[in-house]
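Chemist: Before I ask anything, let me first share the structure, which is written out below as structure tokens.
The values are calculated or read from the model by the stated rules, or taken from the named source; none is laboratory data. Since we're looking at a predicted model, the values are computed, not measured. Here the Cβ positions follow ideal geometry from the backbone for every residue, glycine too, while neighbour counts run over all protein chains shown.
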Amino acid sequence: MAVLAGDGIGPEVVAEARKAAEAAGARFGFGLDWVDYDLGADRYLRTGEVLPDAVLAELGEVDAILLGAVGRPDVPPGVLERGLLLRLRFELDLYVNLRPVKLYPGVSSPLADVKPDDIDLLVVRENTEGVYVGAGGTVHRGGPAEAATETSIETRAGVERCLRFAAAKARQRAGRLTLVHKTNVLVHAGDLWQRAARAVATETGVALDYAHADAACLYLVSDPGRFDVIVTDNLFGDILTDLGAAIAGGLGTAASANLNPDSSPSLFEPVHGSAPDIAGTGRANPVAAVLSASLLLDHLGEPEAAAALEAGAVAALPGAAGYSTQALGDRIATAVAGGGSPD
Ligand code: IPM
Ligand code: MN
């Protein structure tokens, strides 16, 4: 396991996720080897390095990567996001960003009258294409004729593999797949997604539904229960999953898996960022990191351990705000180890 604890609250929450995973290993009879990698703002400011090729090559050899958070106000925006996180997603071909949106008992949603059962969906975000590819440029910079382009690139193969993954997930759940795009405006890419989605739905037997991205935002707030598995492009997925985190009670419980389902390694990270404003205060919620470690264990073929991490995190949630990062991590690890409630 490569650990990229990163910046801000990253190291604090990753320490608790590790503790919980260790407790699961002890209970279910497996060991975990962790290798820490010094990457992020400190390394960049000290050496100018973001992700040296040799380190990237090493990361390509591990079973899985656990990442805390990257980014700090004293590093210009984009340097670490593009140079580290997006580079890992692209170079390791982590083409699925799997983001569960789940309201856990004891967590309050800003939506009125919703119960945990009403918010339980998966967002499958395409993770290697779209506007994230960085195709484009600026001409006549700073002058009156300045122009900038940011080209979104979608490929049939890229879209299709993502849809196949999403359809397989839907088949394990309620069997309902919703494509989210903006086919009424993005007629080229939207058409590609639409045709590919219909073909994959026919081939896999899942029920395919469609929502425009703007309408999907509305439905996530007005009727989140209509969704089972959402599949969508990179940028729509980025935006939708922050909204998803919000309706499920905030970033404290939002986990994600950047997957290459066909080969090792995949990368697991909480959706939240480095939160520099609360770094070092002990106030960061480690639950999203623990749930990300749960996705990691599941991906590595330890479903019981994964379920124990989720159950441990859920058991610790009521009143979580009253505990420090470490105290909450201890409660979770205790629940994972013993299989009981933390009290
Ligand atoms: C996310 C983040 C990243 C993204 C940033 C940090 C590059 O917002 O994982 O959702 O846009 O994908
Ligand atoms: Mn995001």
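Chemist: Residues in the range 216-224: is at least one in contact with a Lys or Arg (Cβ under 7 Å, 6 or more places away or on another chain) and over 28 Å from R87 (Cα atoms)?
Modeler: Residues of the range 216-224 in contact with a Lys or Arg (Cβ under 7 Å, 6 or more places away or on another chain): 219.
From the residues that got through so far, the ones that are over 28 Å from R87 (Cα atoms) too are 219.
Yes - at least one qualifying residue is present in the range 216-224.
Chemist: Report yes if some residue within the range 139-152 is touching a residue at least 40 places away in the same chain (Cβ under 8 Å) and not in a strand (DSSP E or B); otherwise report no.
Modeler: Start the filter on the range 139-152 by keeping residues that are touching a residue at least 40 places away in the same chain (Cβ under 8 Å), which leaves 152.
Within this subset, residues satisfying the condition of being not in a strand (DSSP E or B) are none.
Taking every residue of the range 139-152 in turn, none turns out to be touching a residue at least 40 places away in the same chain (Cβ under 8 Å) and not in a strand (DSSP E or B).
Chemist: Inspect the range 302-314 for any residue being out of contact with any Leu (no Cβ under 9 Å at 6 or more places or on another chain) and buried (at least 24 other Cβ atoms within 10 Å of the Cβ) and give the result as yes or no.
Modeler: Yes.
Chemist: Related question: When you look at E129, is it within 14 Å of ligand 1 (Cβ to nearest atom), acidic (D, E), surrounded by 12 or more Cβ atoms within 10 Å (Cβ to Cβ) and within 21 Å of N260 (Cβ to Cβ), yes or no?
Modeler: On the way: within 14 Å of ligand 1 (Cβ to nearest atom): yes; acidic (D, E): yes; surrounded by 12 or more Cβ atoms within 10 Å (Cβ to Cβ): yes; within 21 Å of N260 (Cβ to Cβ): yes.
Considered against the rule, which asks whether it is within 14 Å of ligand 1 (Cβ to nearest atom), acidic (D, E), surrounded by 12 or more Cβ atoms within 10 Å (Cβ to Cβ) and within 21 Å of N260 (Cβ to Cβ), E129 comes out as yes.
Chemist: When you check R87 against the structure, is it of a type in the set (K, R), touching an Asp or Glu at 6+ places or on another chain (Cβ under 8 Å) and surrounded by 14 or more Cβ atoms within 10 Å (Cβ to Cβ), yes or no? Step through it out loud before you land on a result.
Modeler: Details: of a type in the set (K, R): yes; touching an Asp or Glu at 6+ places or on another chain (Cβ under 8 Å): no; surrounded by 14 or more Cβ atoms within 10 Å (Cβ to Cβ): yes.
When the stated conditions are applied, R87 does not pass them.
Chemist: Can you name every one of the strands (runs of 3 or more DSSP E) wholly within the range 1-119 that holds 1 or more residues which are more than 16 Å from ligand 1 (Cβ to nearest atom) and more than 30 Å from D223 (Cβ to Cβ)?
Modeler: Result: 2-6, 64-69.
Chemist: Just checking, how many residues over the range 327-340 are in contact with a Lys or Arg (Cβ under 9 Å, 6 or more places away or on another chain) and surrounded by fewer than 17 Cβ atoms within 10 Å (Cβ to Cβ)?
Modeler: So the first thing to find is which residues in the range 327-340 are in contact with a Lys or Arg (Cβ under 9 Å, 6 or more places away or on another chain), and the list is 329-330, 332-333, 336-339.
This time we only want the ones that are surrounded by fewer than 17 Cβ atoms within 10 Å (Cβ to Cβ), so: 338-339.
Matching residues across the range 327-340 total 2.
Chemist: Going by what's in this entry, would A284 be described as crowded, with 22+ Cβ neighbours inside 10 Å, assigned to a loop (DSSP other than H, G, I, E, B) and away from ligand 2 (no atom under 16 Å from the Cβ)? Walk me through how you get there before you give the answer.
Modeler: On the way: crowded, with 22+ Cβ neighbours inside 10 Å: yes; assigned to a loop (DSSP other than H, G, I, E, B): yes; away from ligand 2 (no atom under 16 Å from the Cβ): yes.
In short, yes.
Chemist: If you take the residues of the range 204-219 that are assigned to a helix (DSSP H, G or I) and in contact (Cβ under 8 Å) with a residue 12 or more places away in the chain, which of them is surrounded by the fewest Cβ atoms within 10 Å (Cβ to Cβ)?
Modeler: Taking the range 204-219 as the starting set, the residues that turn out to be assigned to a helix (DSSP H, G or I) are 204, 213-219.
Okay, now just the ones that are also in contact (Cβ under 8 Å) with a residue 12 or more places away in the chain, so 204, 213-214, 216-217.
On the way: T204: 17, A213: 20, D214: 13, A216: 25, C217: 17.
Among residues in the range 204-219 that are assigned to a helix (DSSP H, G or I) and in contact (Cβ under 8 Å) with a residue 12 or more places away in the chain, the one surrounded by the fewest Cβ atoms within 10 Å (Cβ to Cβ) is D214.
Chemist: Of the residues that sit in the range 220-237 and are surrounded by fewer than 19 Cβ atoms within 10 Å (Cβ to Cβ) and charged (D, E, K, R), which one is nearest to E129 (Cα to Cα)?
Modeler: Filtering first and then ranking leaves R226.
Chemist: Next up: Among the residues of the range 181-203, which ones are among the basic types (K, R) and either buried (at least 19 other Cβ atoms within 10 Å of the Cβ) or more than 21 Å from K169 (Cβ to Cβ) (or both)? Give the derivation first.
Modeler: If we filter the range 181-203 for residues that are among the basic types (K, R), which is where we start, we get 182, 195, 198.
The answer is K182, and nothing else.
Chemist: Could you pull out the residue among G273, G250 that is within 16 Å of ligand 2 (Cβ to nearest atom), at positive phi and surrounded by fewer than 20 Cβ atoms within 10 Å (Cβ to Cβ)?
Modeler: On the way: G273 fails: at positive phi.
The unique qualifying residue is G250.
Chemist: Output the number of residues of the range 73-108 satisfying the condition of being modelled with pLDDT under 95 and of a type in the set (D, E, K, R).
Modeler: 2
Chemist: Exactly one of (1) touching a strand residue (DSSP E or B) at 6+ places or on another chain (Cβ under 8 Å); (2) crowded, with 21+ Cβ neighbours inside 10 Å; (3) within 28 Å of R173 (Cβ to Cβ) is unmet by A69. Its number?
Modeler: (3)
Chemist: If you don't mind, there's one more thing I want to ask. How many residues are assigned to a loop (DSSP other than H, G, I, E, B) and at pLDDT below 95 when one looks only at the range 250-270?
Modeler: From the range 250-270, those assigned to a loop (DSSP other than H, G, I, E, B) are 250, 254, 260-265; that's our starting set.
Next, only the ones that are at pLDDT below 95 stay: 250, 261-264.
Number satisfying all stated conditions: 5.
Chemist: Output the residues belonging to the range 90-121 that are of a type outside the set (F, W, Y), away from ligand 2 (no atom under 16 Å from the Cβ) and surrounded by 21 or more Cβ atoms within 10 Å (Cβ to Cβ).
Modeler: Step one: list which residues in the range 90-121 are of a type outside the set (F, W, Y), which gives 91-94, 96-103, 105-121.
The next check asks that each one be away from ligand 2 (no atom under 16 Å from the Cβ); those that pass are 91-93, 102-103, 105-121.
Within the range 90-121, L92, L103, I119, L121 qualify.
Chemist: Would you mind stating whether H272 is more than 13 Å from P100 (Cα to Cα) and within 16 Å of ligand 1 (Cβ to nearest atom)? Can you show your working first?
Modeler: Numbers: more than 13 Å from P100 (Cα to Cα): yes; within 16 Å of ligand 1 (Cβ to nearest atom): yes.
So H272 fits the description; yes.
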